1. From the list L139, L117, pick out the single residue that is hydrophobic (A, V, I, L, M, F, W, C), surrounded by 14 or more Cβ atoms within 10 Å (Cβ to Cβ) and touching a helix residue (DSSP H, G or I) at 6+ places or on another chain (Cβ under 7 Å).
2. Give the residue, chosen from A69, A87, that is loosely packed, with under 14 Cβ neighbours inside 10 Å, without any contact (Cβ under 8 Å) to a residue 24 or more places away in the chain, on the phi < 0 side of the Ramachandran plot and of a type in the set (A, V, I, L, M).
3. Given the criterion over 21 Å from L155 (Cα atoms), of a type in the set (S, T, N, Q) and in contact (Cβ under 8 Å) with a residue 40 or more places away in the chain, identify the matching residue among T37, T50.
4. I'm told V55 meets every condition in (1) closer than 17 Å to L166 by Cβ; (2) free of Cβ contacts under 8 Å to residues at least 12 places away in the same chain; (3) not polar (S, T, N, Q) except one. Can you identify the failing condition by its number?
5. Please go through the range 103-127 and give me each residue that is out of contact with any Lys or Arg (no Cβ under 7 Å at 6 or more places or on another chain) and modelled with pLDDT under 95, ordered by number.
6. Are there any pairs with C-beta distances below 6 angstrom linking a residue in the range 1-21 that is free of Cβ contacts under 8 Å to residues at least 24 places away in the same chain and closer than 27 Å to E41 by Cβ to a residue that is acidic (D, E) and exposed (fewer than 13 other Cβ atoms within 10 Å of the Cβ), with the two at least 6 apart or on different chains, and if so which?
Amino acid sequence: MVMDLRAYIRDIPDFPVPGVVFKDITPLLGCGPAFHTAIDELAARTRPYTADVVVAMESRGFLFAAPLAYKLNLGFVPVRKQGKLPAEALSVEYALEYGKAAVEIHRDAILEGQRVLIVDDVLATGGTASAAVSLIEQLGGRVAALAFIIELTFLKGRERLTQYPLVSIIEY
């Protein structure tokens, strides 16, 4: 990686709740060369994990997963907040580092045996990623790998996902 992508990540203290330092990716998204570098780096690091489809979590994961899916010539499947998908969906509840949430996927989005690359902007406690893994496996899919722009190593999210290949570009 030629460009230091850390320079495009901004800390926002006490967001969304006091005590949390939010890693803001909007400066990275707003800089064409940085965004291009991030997508190219994700593609280079995930290409060895052969996948059939890319899955991303709402909403910031979509920003990286859709262009990555395009670059890898794969389809894109959204995992959305509960109640946002129009067709029959499978739902799972999980714990966030600062609360609880539920996400869902269309029941027909993943085929039996399909290899799935999961993408999100940040790996924190691993709750969101674990929820996505659960949805994919309940539908009969197989997790090829997980990929993140940022990994907050001090929150140990990787420890919840040890049975899967995991890629992160920036670690804090």
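The values are calculated or read from the model by the stated rules, or taken from the named source; none is laboratory data. These figures come from a predicted structure and were not determined experimentally. Note that we place each Cβ from the backbone using ideal geometry, even for glycine, and neighbour counts take in every protein chain shown.
1. Only one candidate qualifies: L117.
2. Matching residue, one of A69, A87: A87.
3. On inspection, the qualifying residue turns out to be T50.
4. Among (1) closer than 17 Å to L166 by Cβ; (2) free of Cβ contacts under 8 Å to residues at least 12 places away in the same chain; (3) not polar (S, T, N, Q), V55 violates only (2).
5. Within the range 103-127, A124, T125, G127 qualify.
6. V21/D11
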